[in-house]
Amino acid sequence: MKINFTKMHGLGNDFILLDCTKKELPGIQKIVKKLSDRRFGVGFDQALILRKSKKADFRMDIYNNDGGRVEMCGNGIRCLASYIWAKRLSTKKRLEIETLAGIIRPEKAGSLVRVDMGEPVLEGALIPTGTTGPVVDYLLEALDRVFPVTCVSMGNPHCVIFVDGVDGFPVEKYGPVLENHEFFPKRTNVEFIEVINRKKLKMRVWERGAGETLACGTGATASAVAASIKGLAGRKVSVVLKGGTLEIEWAADNHAYMTGPAETVFTGTAEV
Ligand code: ZDP
């Protein structure tokens, strides 16, 4: 079977977009796994499936490159919106996209995309974590260290850890241990954050089901919220990732807004 795809990225967090608005693809999870390999396939951090929706303008289904389903993808939704506009599938400047994390709203912001990411979830049981109430500086053991962690869900779970000198931090050592820690029943994404100042954070991310990536939109949003809760930053911050910078605002309406770029790299046809 031949399938058409579009390769996209948001700050180097890369995606394959499969457009199922006109025709469904049978056995999509298998296709995703096959194409995810960077040598034997196309290669991507996540696959984004664009579908029709009864509740919103469109629906976005997301898979990590290990084949697991994901509730939400911040960099991905900017790419999905930019695809919809480029293909003229909608003329709306502000789209409503159904995801497993509810309706998420991307809108045009000049050459960038600004996304209403909804309200951060701070209740431990809902994130989910192994405790109830806000999870701020909760002590978690990983290998030879104990980290104070602050947890936030943006539809998907995030565990935020503040460190000094994030460039030299052994992300690949502690990331997978925390991702699979028994404290997180659905596993977790892990963000390592260096506070540069009250308006600027530097971040590296270990993603659930994908490993270290160059950027994570939900992770940058969760980290901005965590920094604000801990009094380390204001409600508006720039988050500097390996792949570039995202602007995050945790606004007065309790919604978090993320602004950043979305790029198309190439289109192709794969034999699966
Ligand atoms: O929650 C997860 O399992 C993540 N790996 C999903 C991907 C999130 C993403 N990096 C983002 O930008 O939010 C795409």
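Okay, here's what the table says:
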item	result
C-alpha center-to-center spacing [the stretch 220-251, the stretch 82-150] in angstrom	12
Links that overshoot a 18 Å alpha carbon limit, given the list Lys23/Lys87; Lys199/Lys236; Lys93/Lys242; Lys108/Lys242	Lys93/Lys242; Lys108/Lys242
14 Å beta-carbon shell around Thr131, net charge (K/R +1, D/E -1)	-3
Hydrodynamic radius by Kirkwood, which averages 1/r over all alpha carbon pairs of the stretch 1-123, in angstrom	14.7
Nearby aspartates and glutamates by direct alpha-carbon distance to Lys2 (threshold 20 angstrom, same-chain neighbours under 8 apart not counted)	Asp19, Glu24, Asp37, Glu271
Bridge type composition, the chain - antiparallel percent by DSSP, nearest 5	80
Rounded if a/c under 1.5, otherwise prolate or oblate - the chain, Cα gyration tensor axes	prolate
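Here, each number is a calculation from the coordinates, and none is a lab measurement. Everything numeric in this text was worked out from a predicted model, so none of it was measured. Cβ atoms come from the backbone with ideal geometry, glycine included; neighbour counts cover every protein chain shown.
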